[in-house]
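As structure tokens, the structure follows; a few thoughts come after it.
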Amino acid sequence: MSFSFASLKPEDKPVLIASGFVLVILLVGTVYTMATQGSAPLLSPNYLLQQLQTGSFLGIVAAGMMMVILLGHIDLSIPWTVAAAAMMATTVGGDMALPTGIAVGITVGLVNGLGVAYLRIPSMIFTLGVDSVLRGLMVWHTGGFAPQDQATPIMRFLAADKILGIPVAIFVWVAVSLVIVLILGRTAFGRAVYATGNREGAAYLSGIRTRWVIVGAFVISSVCAAMAGILLAGYSTKAYQGMGNAYLLPAIAAVVIGGTRILGGQGRYAGTVVGVTLIVLLNSVLSIMQMPEAGRQVIYGCVIVGMLLVYGRGNKVVS
């Protein structure tokens, strides 16, 4: 039985391409470490689990971001949603830490969703404004200084502890992934997300409450960002200003690299997982190579652009 790349479904091709890039990154990193160190830490189970542990924070953010991008929108409030949820969770502390962090995510998601769906303000502009408001609120809350509150034991357990040698954070990422997969593949809401992303007007005329679909997607995005903030605070043992800044562009890149169409309506969650893995391993290999920050940014951007060009070229050939 012969294999043909052209016979693949459009949503399967970017997953396969991204998986190929992951293997190339592993191969390059392994050859480099064998040549310079005489060992291959990238192939060590403990090292891979450590990378997946830190990558789980990005993976959770990307899971929520995918829901919004499937609608053809974008959520730029992610950085300070992460920080605000972490800061408020550590401030409240105790048994209410986790519910408080999640409540921050729900509130931000509702504000974003209502603004985009009902006020019809472009999501890029509205969510960027919300991000600025959150930043101002958190600076006011802390007085401009680093928060002195510490993460609670449950936050540290979820982010840093292990079960059977596997970091609990990975289990959290898996749980979030299962929920996203079930939503997209097994629920009417998931089908409505794809329909609305393909053509919102047609979805509305077919009876889909598109405005509430948009609100729901933004709530999921913000809740995922809040969960990542809670975990990140537990991993760092405390919250700090700007802790979410490093997750916005990589989350968008992971979703798009994984094949989710930036204009909405098409994408598979498996592709997002592969995209996150690619970005995490790429950063890891560049760190092992002790690449200067300028070089990292150049290589990081070239890999992303190169892969998107390969994917785009494949789509043109098929069409």
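The values are calculated or read from the model by the stated rules, or taken from the named source; none is laboratory data. Quantities reported herein were computed from a predicted structural model and do not represent experimental measurements. We place every Cβ from the backbone using ideal geometry, glycine too, and count neighbours over all the protein chains shown. Please note that ligands, DNA and RNA were not included when accessible areas were found on the heavy atoms of the full protein model with its side chains. Shrake-Rupley method; radii C 1.70, N 1.55, O 1.52, S 1.80 Å.
Close amide H pairs (under 5 Å, H built 1.01 Å from N) link Lys238 with Ala151, residues at least 5 positions away or on another chain. Projecting the Cα atoms of Phe126, Ile208, Thr54 onto the dipole axis of the chain, where Lys and Arg carry +1 and Asp and Glu carry -1 at the beta carbon, places Ile208 farthest toward the positive end. With the highest mean first, a sort of the peptides 88-94, 73-79 on other beta-carbon atoms found within 10 angstrom per residue produces 73-79, 88-94.
Taking K and R as +1 and D and E as -1, what net charge do the other residues with C-beta under 15 Å from the C-beta of Ile170 add up to? Spelling it out: positives minus negatives among the neighbours equals 0. Rounded to the nearest 10 square angstrom, Arg191 shows an accessible area of 140 square angstrom against a 1.4 Å probe.
Cα centroids of region 127-159 and region 50-69: 19 Å apart. Distances between placed amide hydrogens fall under 5 Å for Ile166 paired with no residue 5 or more residues away or on another chain.
The shape of the chain can be summarised by an equivalent ellipsoid whose semi-axes, obtained from the alpha carbon gyration tensor, come to 30, 28, 17 Å from longest to shortest.
With helices defined as uninterrupted DSSP H runs, which ones in the chain have an alpha carbon span along their own long axis of at least 20 Å and mean Kyte-Doolittle hydropathy of at least -1.0? Going by DSSP H runs, the hits are 13-37, 45-69, 78-92, 97-117, 123-142, 168-186, 210-236, 269-288, 293-318. Taking all protein chains as present, what is the carbon and sulfur share of the accessible area of region 96-243, in % to the nearest whole number, probe 1.4 Å? That fraction is 70 percent. Rolling a 1.4 Å probe over the protein heavy atoms gives the chain an accessible area of 47 Å² per residue. Rounded to the nearest 20 debye, the dipole magnitude of region 1-156 is 160 debye, with +1 charges on Lys and Arg beta carbons, -1 on Asp and Glu beta carbons, and the Cα centre as origin.
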